[in-house]
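**Q** Let me give you the structure first, and then I'll get to my questions.
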Amino acid sequence: MKEIPVKAQAYKKTPEFNEDTIPAGLLKAHQTKEGTWGKINVSEGELLYRILEPVVEEIVLSPDKFGVVEPTVLHEVTPLGKVSFHVEFFREPL
């Protein structure tokens, strides 16, 4: 499992999304900016997190398992039924 750098600090959090309110952009390949890490926190149900590079990796996220988004790496998510989650963003201090 990928890890957010120890010195990285949270600076922003999305609203809680569910299978009906998830933005379309999260369902297709997208990426964070250089230096921005993401932590996908599922509070209910399951979410398929697909890392698209350098090799495809699929991880089923749940309340017991969060996902780490590395900077600039293409990824996407797919709800697996009823789900509730949010994404928290981190960056290292300058």
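Laboratory data are not the source of any read-out in this text; all were calculated from the coordinates shown. Keep in mind that this is a model prediction, so the values were computed, not measured. Positions of Cβ are generated from backbone atoms using ideal geometry, with glycine treated the same way; all protein chains shown enter the neighbour counts.
**Q** Among residues other than Pro54 whose Cβ falls under 15 Å from its Cβ, what is the net charge (Lys/Arg +1, Asp/Glu -1)?
**A** Residues close to Pro54 contribute a combined charge of -2.
**Q** Taking the Cβ of Glu70 as the centre, find all other residues whose Cβ is under 15 Å away and add up their charges (Lys, Arg: +1; Asp, Glu: -1).
**A** Around Glu70, the surrounding residues sum to -2.
**Q** Separate question: Please compute the contact order of the chain in relative form: average sequence separation of alpha-carbon pairs under 8 Å and at least six residues apart, divided by the residue count, as a percent.
**A** 45
**Q** Now, a different point. Quick check for me: using +1 on Lys/Arg Cβ and -1 on Asp/Glu Cβ, what's the dipole size of the chain about its Cα centre, in debye to the nearest 20?
**A** Using Cβ point charges on Lys, Arg, Asp and Glu, the chain gives about 300 debye.
**Q** For a paramagnetic label modelled at 7 Å from the Cα of Glu70 toward its Cβ, which residues of the range 23-39 fall within the zone defined by backbone nitrogen distances under 17 Å?
**A** From the range 23-39, the list is 30-39.
**Q** Looking at this model, which pairs from Lys33/Lys65; Lys7/Lys33; Lys13/Lys39 are more than 20 angstrom apart at the alpha-carbon?
**A** Beyond 20 Å between Cα atoms: Lys33/Lys65.
**Q** Using mean Cβ contacts within 10 Å as the protection proxy, how do 77-87, 7-17 order, highest first?
**A** 77-87, 7-17
**Q** Quick one: pull the percentage of alpha-carbon pairs in the chain with a separation above 20 Å.
**A** That fraction is 30 percent.
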